[in-house]
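Read through the structure below, which is laid out as structure tokens, and then see the notes.
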Amino acid sequence: MDQAFNQLAKQYPDLAKFESGIRMLVEKGYFQKGPEILINRTPGRLDLMGGNDDYTGGLVFETTIREATLVAVQPRPDQSVRFYNPAVKSIGWKEKIEFSLSDLMEDGRVKPLEEVRDWINQDPRSSWCAYILGDLYFLINKFPEKVIHGFSLYLESDVPLGKGVSSSAALEVAPMKAMSEMYGIQVQGVELAEWTQWVEIALTQSACGIMDQLTVVMGDEDYFVPMLCQPCQPKALVKLPDILRLWGIDSGVRHSVAGIEYESARAATFMGYRFLCDLEKLEPVLDKSGALPRWIESRWNGYLANVSPSQFRTRYEARLPESISGANFNKLYTPHLDPFTPVRPEAVYPVRAATRYAVEENWRVQSFFSLISRPAELLDTGTGALLGELMYLAHHGYSECGLGSEATDKIVELVQGEKANDLLGAKITGGGAGGTVAILGWNTPVAEAAFQRLLEKYAVWSKSKPYVFSGSSAGCDKFGLVRVSYP
């Protein structure tokens with residue numbers, strides 16, 4: 001390995017381990033000797049503020065984590081496509097998947113999305129590869145003249161599943177980056193985030209916003225990625241002030257954006273948007289000009305984040321139903337203004353709380369962003385208290401939407417109990433309903449000691465040792481592509 005690789009391997013020990021795996025696979029014949037192998041490393045993400053308002057056009061404030069997905073791809077001279085993910089064997093899944101590019105084609109054309117989705121889902125033991133196959137499906141649709149040969153892909157990941165830290169985004173982005181480069185396709189930044197968001201929504205049918213993908217694409221070590229999700233407007237990265245410290249604690253309750261709680265809260269938000277349009281006699285139209293279709297109108301351009309909190313409180317809140325059944329909503333309005341969630345007749349939706357969250361969370365994140373971006377000398381105890389209070393309010397907003405959990409509430413309660421010991425605030429992250437809690441504190445020995453006490457108390461309460469996220473790493477674009485070959 002050259003000097004540049006060795007320097008990267010010192011910075012990222014998982015890269016050195018991964019390269020050893022590649023070398024072994026060359027010796028075993030999975031990879032060929034000679035042709036170049038492309039490597040990308042994409043981390044997961046930790047949501048500090050804004051986690052559930054990306055699909056309503058809000059500002060979000062995210063950072064990367066140390067845990068990452070690493071992918072290696074090498075072109076093949078034939079049409080065979082091979083995926084290898086040895087870690088999944090321990091949970092009963094197939095570690096090796098092999099097929100041909102021709103399996104995605106029919107009569108000279110790419111098969112319809114529904115057929116490919118059914119093909120992926122026919123064997124649950126192979127479902128882990130859906131995101132990677134989705135990347136390939138996207139590329140073969142968009143660049144049929146370039147995707148003319150197969151490849152071998154090797155994957156390792158230590159981004160934990162179901163903990164609300166975007167294991168899915170890392171699993172989409174790293175292969176897309178490496179595969180695109182292999183096929184001579186240049187993609188980065190917002191475009192890469194949009195491509196992989198499409199994969200998650202269209203192929204795997206998870207109704208996600210774009211914040212996860214953009215964070216893991218554009219993030220960097222010790223920096224936050226602020227972005228206004230209208231639909232995707234990143235701002236300059238913000239460095240975490242040295243006087244602050246960020247942790248994440250896994251609650252032990254599995255989270256999924258495909259879960260019914262997330263789906264219900266999201267659908268309720270768009271139901272609230274429909275009520276507001278009706279109150280203002282606005283006629284939404286379906287805009288298909290972007291990467292994904294969405295409903296827009298002349299006042300808020302389809303984004304509840306553009307409703308001012310004061311106007312919502314004084315003009316709209318009391319006129320919204322506190323809740324409504326899907327059956328009753330469907331009698332009043334059609335179509336539903338979110339192309340990616342159904343309105344289930346038997347479900348009851350928290351319309352008022354979900355709409356309020358969308359409006360007020362954007363204001364909270366804007367305020368948080370303004371405070372934490374101040375020069376370090378202005379980050380005094382009063383500012384710290386405000387940052388913490390904004391996090392607690394955001395956490396409460398999740399609960400009102402039905403996205404809380406007893407375990408995450410317990411962690412937040414324990415943080416509040418250490419208020420006098422330099423822990424500032426905490427909130428549930430991402431899509432909620434379990435997953436990880438983000439904790440902000442002063443970067444002091446007092447805060448570290450308080451955090452350790454909190455861990456011990458939570459371990460006793462939950463009867464298990466919680467997983468802790470600490471530190472960050474370069475995003476997909478910053479890491480770039482590492483090229484290796486073996487004569």
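Bear in mind these aren't lab numbers, they're just calculated from the coordinates by the rules spelled out. None of the values given here were measured: they were computed from a predicted structure. Cβ coordinates were reconstructed from backbone atoms using ideal geometry, including for glycine residues, and neighbour counts include every protein chain displayed.
Across all directions, the average projected area of the convex hull around the alpha carbons of the stretch 260-357 is 6.0 nm². Report the percentage of all Cα-Cα pairs in the chain whose separation exceeds 36 Å, rounded to a whole percent. So the portion of pairs separated by more than 36 Å is 31 percent. Going from the fewest other Cβ atoms within 10 Å to the most, the residues 212, 338, 107 appear in the order 107, 338, 212.
Working value for the stretch 317-405: equivalent-ellipsoid semi-axes of 36, 12, 10 Å, each the square root of 5 times a Cα gyration tensor eigenvalue, largest first.
Panel values: the stretch 360-470, Kirkwood radius from alpha carbon pairs, Stokes-Einstein at 25 °C and 0.890 mPa s, translational diffusion coefficient 170 µm²/s.
Which order do 66, 374 fall in if you start with the one that has the fewest other Cβ atoms within 10 Å?
Numbers: 66 17, 374 12.
Ordered by Cβ neighbours within 10 Å, fewest first: 374, 66.
Most tightly packed first, judged by the mean number of other beta-carbon atoms within 10 Å of their residues, the peptides 130-137, 409-416, 73-80 read 130-137, 409-416, 73-80. Each of residue 461 and residue 446 was given a label point 7 Å from its Cα along the Cα-to-Cβ line. The distance between the two points is 2.3 nm.
Charge dipole (Cα centre; +1 on Lys/Arg Cβ, -1 on Asp/Glu Cβ; no other charges) of the chain amounts to roughly 280 debye. Ordered by the count of other Cβ atoms within 10 Å of each Cβ, fewest first, 336, 149 give 149, 336. For the chain, adding -39500 (n - 2.57) for each run of n ≥ 4 DSSP H residues and dividing by the number of residues yields -12000 deg cm²/dmol at 222 nm.
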